[in-house]
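Asker: Quick one: structure below, then a few questions.
The values are calculated or read from the model by the stated rules, or taken from the named source; none is laboratory data. Everything quoted here is computed from the prediction, not taken from an experiment. FYI the Cβ positions are ideal-geometry reconstructions off the backbone, even for glycines, and counts take in every protein chain you see. Calculation scope for accessible area: heavy atoms of the full protein, side chains included, ligands and nucleic acids excluded. Shrake-Rupley method; radii C 1.70, N 1.55, O 1.52, S 1.80 Å.
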Amino acid sequence: MIPDVSDLDEAYGRTTARFYDAAYARVPQVGKDVEFYRGLARECAGPVLELGCGTGRVLLRIAEDGFPCTGLDASRHMLDALRAKSRFPNLRLVHAPMQRFDLGQDRFTLIFAAFRVFQHLYTIDDQLHCLACVRRHLAPGGSFAFDVFAPNLARMGLAEEPEQVDVRFEQDGESVARHARVRRDPVAQILEVDFRYERTREGAVVGNDEAHFKMRWFWRFELEHLLRRAGFEEVTFYGDFDRRPVAADTSAYVAVAR
């Protein structure tokens, strides 16, 4: 059963939307994906759909190039944050889960899911439902692209990681420290993350805001089998957004499927 999107939004979206842009502006590994997906949009030269578009970190840059863009997200809070920033008449926003959406007769030359969005699909059924939706909405010859983190074997072997600060930033006159706690289920390949955003002003704590979510981790050939099962005939994997080959020290799997 697919959870109600409003339940997911309250557990994750409200707090995350508030801090997302400021928090990830300081995360070094984030940013390289923008030019990769923007380049794909230019190669495909047609309408673009982003699954899990969030606050528009990637999609707004593609909209700048003039392509008709649709952003889909299960979080109304994230879409509201994007809407507050967007001035593009070529950008449409849709509130729906990525494993259950129907945009009628609309077809896209590029559909993509940036920054590990596909890892929010925890079960094979959800993954296949999403891929079926993608295939229905792809134009002939269109591409589906997404990225996931490449599991670090040593780290995946840890059942828990205690709460620790993973990023600090300034927002609205406050200093914010994001504390992260991680738990892992190696059988289900699921990690659970608790974020606590501790806000201070002039050295005094003025509040804590929490967000909770899960992620499924994938292995490279597991993903390829999944895509083939969903009907994609041509699947290419890269080891990073510069399109280097997958290697032993790869930190991300970047897939392009047709």
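Asker: Looking at Ala63, is it crowded, with 19+ Cβ neighbours inside 10 Å, touching a Cys at 6+ places or on another chain (Cβ under 9 Å) and either at pLDDT below 95 or over 25 Å from Arg216 (Cβ atoms) (or both)? Please lay out each step first, then the result.
Answerer: On the way: crowded, with 19+ Cβ neighbours inside 10 Å: yes; touching a Cys at 6+ places or on another chain (Cβ under 9 Å): yes; either at pLDDT below 95 or over 25 Å from Arg216 (Cβ atoms) (or both): yes.
In short, yes.
Asker: Does Glu43 count as under 25 Å from Asp240 (Cβ atoms) and open to solvent by less than 40 Å² (accessible area, probe 1.4 Å)? Write out each step before concluding.
Answerer: Working: under 25 Å from Asp240 (Cβ atoms): yes; open to solvent by less than 40 Å² (accessible area, probe 1.4 Å): no.
So Glu43 does not fit the description; no.
Asker: Go through the range 15-72 and count every residue that is touching a residue at least 40 places away in the same chain (Cβ under 8 Å) and in a strand (DSSP E or B).
Answerer: Total satisfying the criteria: 4.
Asker: Which one of the conditions (1) surrounded by fewer than 21 Cβ atoms within 10 Å (Cβ to Cβ); (2) in a loop (DSSP other than H, G, I, E, B); (3) not basic (Lys, Arg) does Ala84 fail to meet, given that it meets all the rest?
Answerer: (2)
Asker: Here is a further query. Give me the residue from the range 93-130 that is β-branched (Val, Ile, Thr) and part of a helix (DSSP H, G or I) and, out of that set, nearest to Glu222 (Cα to Cα).
Answerer: Step one: list which residues in the range 93-130 are β-branched (Val, Ile, Thr), which gives 94, 109, 111, 117, 123-124.
Filter again for part of a helix (DSSP H, G or I), leaving 117, 124.
Working: Val117: 17, Ile124: 11 Å.
By that ranking, first place goes to Ile124.
Asker: Quick check on Ile111: is it touching a Leu at 6+ places or on another chain (Cβ under 9 Å), open to solvent by 20 Å² or more (accessible area, probe 1.4 Å) and touching a residue at least 12 places away in the same chain (Cβ under 8 Å)?
Answerer: On the way: touching a Leu at 6+ places or on another chain (Cβ under 9 Å): yes; open to solvent by 20 Å² or more (accessible area, probe 1.4 Å): no; touching a residue at least 12 places away in the same chain (Cβ under 8 Å): yes.
In short, no.
Asker: Can you tell me which condition Val254 does not meet? The list is (1) assigned to a strand (DSSP E or B); (2) touching a helix residue (DSSP H, G or I) at 6+ places or on another chain (Cβ under 6 Å), and all the others hold.
Answerer: Exception for Val254: condition (2).
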